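Each remark here refers to the structure printed beneath this line.
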Amino acid sequence: MSTQAVKIDPKDVQKLRAETGAGVMDCKRALEEATGDLARARDILRQRGLAAAAKRATRETREGVVESYIHAGGRIGALVELTSETDFVARNPEFRELAKNIAMQIAAMSPLVVSEEDLSAEERAELVREHGDDQRALEAAVLLRQPYIRDGSKTVSDLVSAIAASTGENVRIRRFARFQLGTSS
């Protein structure tokens, strides 16, 4: 496809850059590929970001934040360790907001583990007995599989993937802890 026929408005490039955080030339190329359609260009950048994040998935995440959330009344609280490859990403306001939202998710939904791999076969079988089927059991117990409390059309994994795509870095929920007064766990 020839990109010469498409005239790209610099304001569209600026708008796409502000929305996605992608570089100027990446935004321009995505708009050219999408023949000026901002929504399609956004999708193109998202797909490219996810592909780049997938390539980096094996890289170590040694930087990050520990974020807390204390529910109103102070009876439930959560801590989460969200990590990234670089301190630059860890200081990013969107990264910190994600950590806060994940801590709130943990306080509200009381997951047992971060990912499916953290469940033993016995634990998984017990959860299936409690919840009736594997899918419901995993959504209840696994943080990454839970529907996001503020937007049920997304999972916590989708939120982490979106930040990974926008930063181009590996982002990982390393661990969490949930506290509730009046319970033994």
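For this structure, a couple of remarks:
- Taking the three principal axes of the alpha carbon atoms in the chain, the coordinate ranges are 66, 33, 30 Å, sorted in descending order.
- Angle between the chain longest axis and helix 24-33 axis [Cα atoms, degrees, rounded to 10]: 80 degrees
- Cleavage-rule hits (trypsin sites (Lys or Arg not before Pro)) in segment 123-185: DSSP loop, at most 13 neighbouring Cβ within 10 angstrom: ARG150
- Rounded to 10°, Cα long-axis angle of helix 10-20 versus longest principal axis of the chain: 10 degrees
- Judged by the mean number of other Cβ atoms found within 10 Å, the most tightly packed of the peptides 91-101, 24-34 leads the ranking 24-34, 91-101.
- Against the chain, whose longest principal axis is taken from its Cα atoms, helix 38-55 shows a tilt of about 60°.
We did not get these values from a lab; they are worked out from the coordinates using the rules stated. Here the structure is a predicted model, which means the values were calculated and not measured. No Cβ is skipped: glycine too gets one built from the backbone with ideal geometry, and neighbour counts run over all protein chains shown.
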